[in-house]
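The values are calculated or read from the model by the stated rules, or taken from the named source; none is laboratory data. Worth saying up front: this structure is predicted, and the values here are computed from it rather than measured. Every residue, glycine as well, gets a Cβ built from its backbone with ideal geometry; the counts of neighbours run over all protein chains shown. For the accessible areas, the whole protein counts, side chains as well, though only heavy atoms, and no ligand, DNA or RNA atoms are used. Shrake-Rupley method; radii C 1.70, N 1.55, O 1.52, S 1.80 Å.
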Amino acid sequence: MTQSLGLEEALDIAMDAELKAAAFYAQAAVEVQHPQGRDLLGRLAAFEQHHYVQLSELLESLQATGDFVEYEGQTVADFQPLDEPAQQPASSVSGGEAAGTRVRDLENVASILSQAIANEKLAGERYRALAEGTSDSIGQDMFRKLANEEQMHQHILEDEFFSISNQGTWGWSGMYGE
């Protein structure tokens, strides 16, 4: 029971972080003027919202039956941008995963991307730790896939940071990860 409570607490933390990440990206998509940047950030908002839903389903299953759920991995291109105000998560007034950072508190696109990279790295570490601490093979698989998705987000954002810093433009084409 203690292990289950630890896992449930970890899932609550992860779910909160996913909501905050979705809100951060949705807000960033509104702030960024470049269409490619808006598209990428809106897709990341939708992807993080998807993670929240999947973790919610996992938590419900664990509480009801004690069973982990299968998780099919996704790519950023699988999602449509979450950029309409009606689509934004209810927690959109909160900030990013790291210390409640708000997009409007960041100076420019490079600082938004830097914060997002740090958030994705933290999320990936969280899911890798959950995978290592879970004995169930289905749970391990889900957490590894989530960690890999967060790492994919991190790499995409690092590529965009490089592109903006060195070429002055977004490189996102909407096809990364396919």
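Among the residues of region 123-158, those identified as within 13 Å of the chain's Cα centre (by Cα) and touching a residue at least 40 places away in the same chain (Cβ under 8 Å) are 123, 126, 127, 145, 146, 148, 149, 152, 153, 156, 157.
To keep it simple, each residue is scored yes or no on (1) touching a residue at least 40 places away in the same chain (Cβ under 8 Å); (2) surrounded by fewer than 21 Cβ atoms within 10 Å (Cβ to Cβ); (3) under 10 Å from the mean Cα position of the chain (by Cα).
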| position | (1), (2), (3) |
| --- | --- |
| 7 | yes, yes, no |
| 22 | yes, no, yes |
| 29 | yes, no, no |
| 37 | yes, no, no |
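Any residue at all in region 117-124 that is of a type in the set (D, E, K, R), modelled with pLDDT of 95 or more, open to solvent by 60 Å² or more (accessible area, probe 1.4 Å) and closer than 24 Å to residue 72 by Cβ? Yes, that holds for at least one residue.
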